[in-house]
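Inspection log for the structure reproduced underneath, given as structure tokens.
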Amino acid sequence: MDGTEIIKLCLEHSLYSWSATDAVDPLPVVRAEGVHMFDAAGRRILDFNSQLMSVNIGHSHPRVVAAMKKACDGLLFAHPGTATEIRARVSKRLADLCPGDLDVFFFTLGGAEANENAIRAARLFTGRQKILSRYRSYHGGTNAMLQLTGDPRRWANEPGMPGVIRVMDPWPLKYSFGDDPEAITRNNLTYLEEIITYEGPQTIAAMIIESVVGSNGILIPPPGYLSGLKELLSRHGILLICDEVMAGFGRTGKLFAFQHGGIVPDIVTMAKGLTSSYAPLGAVGLSRRIADHFRKNVFYGGLTYNAHPFCLEVADAVLDVLLDEDLIGNAARLEPVMRAEMEKLQARHPCVATHRNIGLFGVVELRKDSAGTPIAPYNGSHPAMQIFSQKLLDAGLYTFVRWNYFMTNPPLSISQSQLEEGFAIIDRCLDVVDEVFDG
Ligand SMILES: Cc1ncc(COP(=O)(O)O)c(C=O)c1O
């Protein structure tokens with residue numbers, strides 16, 4: 001098929017996520033390699049978002065491709081009640097890699113299912129029902145996870161699972177706790193404790209957070225927030241679930257983003273980078289004391305594809321590459337390079353309001369005037385952002401453009417010169433947003 005036919009049939013016979021079909025203009029992607037993808041016309045495009053912030057080791061890594069081919073000669077499926085060597089190997093490997101006593105894993109097919117099962121484990125373990133989550137978050141597209149999700153993807157799916165208490169983040173959109181990061185942490189946690197008091201701590205099983213918020217704008221916890229939060233929740237017998245679906249597996253320069261805060265959560269969830277998205281796999285990591293509860297008590301959860309042998313083989317091979325090639329170290333080393341490139345953009349383009357990154361997890365926010373008004377409001381758009389996004393693609397760079405920001409989340413295998421090349425393309429394309437800036 002040529003590109004036109006691919007697009008035509010995809011739009012005629014398949015639905016696209018979070019979209020009205022007529023508004024979708026999909027890129028016909030035919031192959032991808034390293035940090036690049038190629039469209040049906042053979043055009044090479046720099047992948048500056050690792051697809052959905054998920055292809056952490058880069059595309060089509062030859063070692064993983066070879067391991068996947070080899071896996072096809074082995075066990076392609078065994079029902080979840082069996083014991084397989086690959087399940088034994090990957091579970092033990094994750095137990096060794098995860099800090100603290102995060103030792104026992106339940107395997108799923110992706111992030112939403114991992115979060116669903118984390119909530120289930122928390123409720124069964126504590127005997128409590130309510131769950132705390134934050135507004136500036138995304139936890140997956142299933143019915144229950146959309147209720148924990150704070151962002152607008154929730155709205156059309158309400159009402160859903162009962163028992164969710166959504167709270168403010170330490171990164172408010174408009175209200176202010178001041179500029180002092182320590183005061184922001186202190187005030188946010190004081191406010192949270194008051195909510196816990198009103199809700200009744202004995203009714204709350206867990207709080208779920210993205211350790212570094214991803215699609216809602218790369219929101220990095222202020223100092224002391226993660227440790228203060230963990231201490232506050234523990235004091236009330238409330239479990240902390242860190243959703244590391246996007247931030248995990250090296251994206252922030254550490255294996256898990258919560259490690260920057262010096263904490264170990266009670267439960268961690270993961271997906272995306274676990275297999276670099278080469279195969280669908282998620283996991284819930286439970287601390288030993290929670291897992292021990294399920295030695296005598298039933299874990300009321302199951303999936304046909306739980307601990308799928310092929311997907312676990314992929315995870316094993318991806319972990320080999322991530323660790324052997326020190327890609328987590330590469331993300332940490334390139335953090336200041338990305339920051340310097342963002343600073344250059346800000347110096348050159350009046351439309352750049354602010355930027356931040358941790359490891360290779362980055363965002364640039366754009367404004368429409370010198371007062372700092374975002375170029376597009378929360379959940380809104382601006383024609384210049386659409387033109388900017390298309391211009392990037394035409395210039396050979398794909399990234400995630402949403403509301404008033406764009407992301408910079410390349411594969412962790414990117415080199416410094418490729419990273420700089422990506423920012424040079426962005427620099428050339430940002431003029432279209434500068435043009436609508438009202439100085
Ligand atoms: C933080 C976070 N949690 C959960 C999910 C859901 O994962 P999945 O789409 O694999 O179900 C996502 C997906 O983007 C995510 O970013």
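Pull up region 90-114, narrow it to residues that are closer than 12 Å to Pro280 by Cα and among the small types (Gly, Ala, Ser), then point me to the one that is farthest from the ligand (Cβ to nearest atom).
Within region 90-114, the first condition is being closer than 12 Å to Pro280 by Cα, and the residues that meet it are 107-114.
Now narrow it down to the ones that are among the small types (Gly, Ala, Ser): 110-112, 114.
On the way: Gly110: 3, Gly111: 2, Ala112: 3, Ala114: 7 Å.
Among residues in region 90-114 that are closer than 12 Å to Pro280 by Cα and among the small types (Gly, Ala, Ser), the one farthest from the ligand (Cβ to nearest atom) is Ala114.
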Task: Residues satisfying the stated conditions in region 168-222, i.e. more than 25 Å from Ala121 (Cβ to Cβ), touching a strand residue (DSSP E or B) at 6+ places or on another chain (Cβ under 8 Å) and either in the same structural domain as Thr354 (by TED's automatic domain parsing) or among the aliphatic types (A, V, I, L, M) (or both) - done: Met168, Ile218, Leu219, Ile220
Open item on the list: When you scan region 324-331, do you find a residue that is surrounded by 17 or more Cβ atoms within 10 Å (Cβ to Cβ), in contact (Cβ under 8 Å) with a residue 40 or more places away in the chain, among the polar types (S, T, N, Q) and in the same structural domain as Leu229 (by TED's automatic domain parsing), even just one?
Closed with: no
Open item on the list: For the condition within 16 Å of the chain's Cα centre (by Cα), buried (at least 24 other Cβ atoms within 10 Å of the Cβ) and within 30 Å of Val364 (Cα to Cα), what is the one hit in Lys272, Lys254?
Closed with: Lys272
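Going by what's in this entry, would Glu313 be described as outside the structural domain of Leu233 (by TED's automatic domain parsing) and either in contact with a strand residue (DSSP E or B) (Cβ under 6 Å, 6 or more places away or on another chain) or modelled with pLDDT of 95 or more (or both)?
Working: outside the structural domain of Leu233 (by TED's automatic domain parsing): no; either in contact with a strand residue (DSSP E or B) (Cβ under 6 Å, 6 or more places away or on another chain) or modelled with pLDDT of 95 or more (or both): yes.
No, not satisfied.
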Open item on the list: Take the conditions of a type in the set (D, E, K, R) and out of contact with any strand residue (DSSP E or B) (no Cβ under 7 Å at 6 or more places or on another chain) and apply them to Lys368. Does it pass?
Closed with: no
Open item on the list: Checking the structure you have, find out if any residue of region 75-82 is surrounded by 14 or more Cβ atoms within 10 Å (Cβ to Cβ) and within 16 Å of the ligand (Cβ to nearest atom).
Closed with: no
TODO: Considering (1) in contact with a helix residue (DSSP H, G or I) (Cβ under 9 Å, 6 or more places away or on another chain); (2) without any contact (Cβ under 8 Å) to a residue 12 or more places away in the chain; (3) among the acidic types (Asp, Glu), say which one Asp292 fails and leave the rest.
DONE: (1)
Task: Test: residue in region 276-297 that is crowded, with 20+ Cβ neighbours inside 10 Å, polar (S, T, N, Q) and more than 15 Å from the chain's Cα centre (by Cα) - done: yes
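Would you pick out the residues in region 123-153 that are under 25 Å from Tyr300 (Cβ atoms), part of a helix (DSSP H, G or I) and within 16 Å of the ligand (Cβ to nearest atom)?
Asn143, Ala144, Met145, Leu146, Gln147, Leu148
Is it the case that some residue within region 48-68 is over 30 Å from Tyr405 (Cβ atoms), charged (D, E, K, R) and surrounded by fewer than 20 Cβ atoms within 10 Å (Cβ to Cβ)? Show your work before the answer.
Going residue by residue through region 48-68, those that are over 30 Å from Tyr405 (Cβ atoms) are 62-68.
Filter again for charged (D, E, K, R), leaving 63.
After this cut, where a residue has to be surrounded by fewer than 20 Cβ atoms within 10 Å (Cβ to Cβ) as well, the list is 63.
So far as region 48-68 goes, yes, one or more of its residues are over 30 Å from Tyr405 (Cβ atoms), charged (D, E, K, R) and surrounded by fewer than 20 Cβ atoms within 10 Å (Cβ to Cβ).
The values are calculated or read from the model by the stated rules, or taken from the named source; none is laboratory data. Here the structure is a predicted model, which means the values were calculated and not measured. Positions of Cβ are generated from backbone atoms using ideal geometry, with glycine treated the same way; all protein chains shown enter the neighbour counts.
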